[in-house]
Structure formats: structure tokens, C-alpha cells
Amino acid sequence: MHVTVYSTRPYDRQALESAPGVSVHSFSFLEARLDADTVATAAGADAVCAFVNDQLDRKVLQGLKGLGVRLVVLRCAGFNQVDLVAAHELGIAVGRVPEYSPYAVAEHTLALLLTLNRKIHRAHARVREGNFALDGLLGFDVHGRTIGVVGTGRIGETFCKLMTGFGCTLLAFDPTPNPACVAMGVQYVPLPELLARSDVVSLHCPLTPQTHHLINATAFAGMKRGAMLLNTSRGAVIDTQAAIDALKARQLGSLGLDVYEEEAGLFFRDLSGAGIQDDVFARLLTFPNVVVTGHQGFFTEDALAAIASTTLANLDAFAATGQPMYPVAP
Ligand code: NAI
């Protein structure tokens with residue numbers, strides 16, 4: 001099959017080209033995002049390979065259908081960027097990478113937690129300037145604290161496992177409790193109770209209509225004063241303006257983000273010479289108690305290799321059976 005790969009960065013190309021079985025398919029690698037403006041570039045492709053910020057709404061899917069594209073393979077686990085109903089109606093199959101490395105994202109979440117708590121970002125900058133004063137760098141022992149995990153699927157479970165090593169009390173909220181988490185002593189409670197009791201709240205749920213702005217002004221008001229919030233799931237699970245208000249009021253103690261609701265125009269690109277146009281995002285960056293990474297939770301060697309091999313398995317399965325190995329249905 002011929003596959004047009006969107007939002008390609010050198011590491012994506014390297015991973016796909018060095019994965020076993022690649023010679024069966026041919027690839028066109030494009031840096032551009034897939035959206036209504038770029039959909040015509042899929043001409044001649046049997047399949048398109050897309051990432052988190054490509055836009056696969058009805059209009060784009062209709063464009064793909066018109067060009068003869070029969071398959072969308074996502075290089076990610078989340079599929080909120082795809083109109084699955086439209087894809088189904090148009091007869092375009094959608095495949096994803098359901099599991100590549102829950103460790104990559106869970107470990108990155110832990111990195112955000114420890115960075116914010118021990119102010120490593122500030123300490124690093126200070127030490128490089130010859131400033132060894134400790135004022136403003138005070139942290140707390142993670143041991144003995146209460147950690148609230150929202151969404152205990154693959155990544156949430158792995159994060160819980162890591163936190164048990166610190167000797168924390170673990171609370172969770174998930175409509176479908178995970179027996180492995182129960183077995184490790186995680187206590188499932190309603191969301192308001194989790195927010196009220198947790199010193200650190202970490203989000204690991206998918207973005208759905210139910211989780212859109214799950215953490216809004218009401219949720220912030222119900223959190224323990226001065227708590228830390230971590231989000232490595234999807235940006236729109238948090239109402240960013242409400243987060244800024246909570247930070248200004250010092251109701252929210254610190255915020256660690258790997259995702260942002262309007263990240264599509266920002267992340268995965270070098271904008272250092274262009275400046276940031278998004279004033280809400282720019283305001284976030286002014287807080288000393290906010291650490292933002294640009295959707296890099298997945299970005300480990302192990303995860304990239306697993307994403308590439310599952311993507312090829314999806315293509316192989318579709319070529320053989322008409323269905324990707326890991327299909328997503330509406
Ligand atoms: P998963 O499907 O294994 O787990 C998701 C869990 O969230 C499930 O247990 C589900 O029951 C729960 N959930 C669903 N609705 C909920 C709600 N309203 N409230 C609380 N929990 C709810 O997914 P996985 O692999 O653990 O990934 C979680 C999310 O992490 C993905 O959907 C994706 O958005 C994000 N992600 C971020 C990456 C990054 O690079 N930062 C990389 C990979 C995934």
C-alpha cells in the first residue's frame with residue numbers, strides 16, 4: 001500500500017523506516033498537518049498515517065474518500081481527533097496504537113511531579129547563574145501524601161504502581177475501576193472526594209464529551225488549597241482559563257502540563273523565532289509554579305519503536321483482511 005504520513009518529524013520517519021516489514025509498503029513523508037487545507041496531498045495514497053494534532057473531521061474524511069483513501073492509521077492511542085461516525089459512514093477504516101508504552105507517559109508524569117515539587121526548573125536556572133540561595137525552592141516529602149488519579153487504564157495504572165513506591169495514599173476516580181489498581185490498594189472514590197482529599201491530582205482519562213473541561217472552575221474550587229495538578233492526557237480535560245484563575249488565587253498550588261487544549265497550533269514545532277500568538281498559553285508560562293512540556297510524554301525510544309511496529313501491523317492486517325489490527329469504531 002502507499003501511505004502518506006502527516007506531521008512527520010525526523011524521528012517518526014526514522015522509526016517507520018527502521019521497523020521490520022517496512023519494505024512491503026511505500027511512504028510519502030510530509031511535515032504538514034493533515035487538515036482541510038492539506039488533504040489534497042493525500043492524492044495517490046491508499047492510507048494516511050496521522051498523529052495527535054492532525055484534524056480528521058467529516059470534511060477532511062470526505063476529501064480523503066474522494067481521493068480513494070481507504071484507511072487512516074493513527075500513530076497514537078487517543079482518537080479524539082477523528083470523527084469516527086463520519087469515517088464509518090464513508091467506509092474509511094481507522095486503526096490506532098492502543099498500547100505502546102504506558103511507562104513512557106507515566107514516567108513523564110512523575111518527572112513533572114518531582115520537578116514541580118522540588119522546583120528543579122527554578123533551581124537549574126539559579127545554579128547556572130551562580131545563585132545558590134534556597135529561598136522559594138521548598139518542597140514536600142511525596143511519601144505519605146495523597147495522590148488522586150483520574151482514569152486508571154494502562155497509563156493511570158502504571159502511574160499508580162510508580163507512586164506506591166513512594167509510600168503514598170492512592171485515590172482514584174474511574175467509571176470502570178481497574179482490579180489491578182484495587183489489588184495494589186488504590187481506593188476508588190467519587191471525583192469531588194478525590195479532588196478534596198488529594199495533594200496531587202493526575203489526569204489519565206481520554207478526552208470525551210464527558211471529560212471535556214472535567215477540571216473546571218467548580219472542580220478547582222473543590223480541590224485542596226495549594227494542591228498540584230498534572231495533565232498528561234489531553235489538554236481539553238482542563239478548562240485552561242479556570243486553571244489560570246485558580247493559580248492567580250493560589251487555590252491551585254502548581255500545575256504540570258504535557259498537553260494544552262489549543263496545542264495544535266503550537267506543539268511539535270520550533271516557534272522560538274516567531275513568538276507565541278496564544279495569550280492564554282503565554283499567561284500560563286509566566287507562573288513560576290507551572291511547568292509545561294510540549295506533548296512529549298510518549299517520546300521514548302521504546303515507545304517510538306512500538307508505535308512504528310504497531311502502525312505497520314495495522315497496515316499489514318488491512319492489506320490482508322480489509323481491517324487494521326487495532327480498529328477503532330464509533
Ligand atoms: P486507557 O483507555 O487504557 O485508559 C483510560 C481510562 O480512563 C479507562 O480506565 C477509562 O475507564 C477511564 N475513563 C473514561 N472516562 C472517564 C471519566 N469520565 N473519568 C475518569 N476516567 C475515565 O488509556 P491510556 O492508554 O491509559 O491513555 C490515557 C490517555 O492518555 C489517552 O486517552 C490519551 O489521551 C493520553 N495519552 C497521552 C500521551 C502523551 O504523550 N502525553 C500518550 C498516550 C496517551
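A short reminder: the numbers here are calculations on the coordinates, not readings from a lab. Worth saying up front: this structure is predicted, and the values here are computed from it rather than measured. Here Cβ is always computed from backbone atoms with ideal geometry, including for glycine, and neighbour counts include all displayed protein chains.
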- [ ] Provide the descending list of Cα extents for the range 86-148 along its principal axes, expressed in whole angstroms.
- [x] 62, 32, 19
TODO: Find the eigenvalues of the gyration tensor of the Cα atoms of the chain, then list the square roots of 5 times those eigenvalues as equivalent ellipsoid semi-axes, largest first, in whole angstrom.
DONE: 36, 22, 19
Open item on the list: With 10 angstrom as the radius, rank L30, L171 by how many other C-beta atoms surround their C-beta, starting from the fewest.
Closed with: L30, L171
Open item on the list: Just to confirm the number: angle between the C-alpha axis of helix 301-321 and the first principal axis of the chain, 0 to 90 degrees, nearest 10?
Closed with: 30 degrees
- [ ] Over all alpha-carbon pairs in the range 32-136, figure out the percentage whose distance exceeds 16 Å.
- [x] 66 percent
TODO: Treat the count of other C-beta atoms within 10 Å as a stand-in for reagent exposure and order H295, H204, H2 from fewest to most.
DONE: H2, H295, H204
Task: Check: the chain dipole with +1 on Lys, Arg Cβ and -1 on Asp, Glu Cβ, in debye - done: 640 debye
Open item on the list: Over 10 Å intervals from 0, what percent of Cα-Cα pairs in the range 102-292 sits in each interval?
Closed with: 9, 37, 37, 15, 3, 0
Task: Leading residue at positive end of dipole, the chain (Cβ point charges), from T109, Y326, V259 - done: T109
Task: Average projection area in nm² (convex hull over Cα atoms of the range 193-273, one quarter of hull surface) - done: 5.7 nm²
TODO: May I have the convex hull volume per residue, in Å³, for the Cα set of the range 229-330?
DONE: 145 Å³
Open item on the list: In Å, what Kirkwood hydrodynamic radius results for the range 243-288 from the alpha-carbon pair distances?
Closed with: 11.9 Å
Open item on the list: Based only on Cα atoms, what mean projected area does the convex hull of the range 1-75 have, in nm²?
Closed with: 4.4 nm²
Task: Residues S198, S28, S101, sorted so that the one with the fewest Cβ neighbours within 10 Å comes first - done: S28, S101, S198
Task: Dipole-positive endmost among L271, H295, L214 within the chain (Cβ charges, Cα centre) - done: L214
TODO: On a 0 to 90° scale, report how tilted helix 154-164 is relative to the longest principal axis of the chain, with both axes built from alpha carbons and the result rounded to the nearest 10.
DONE: 30 degrees
Task: Per-selection Rg to Rh, the range 264-315 - Cα, Kirkwood hydrodynamic radius - done: 1.14
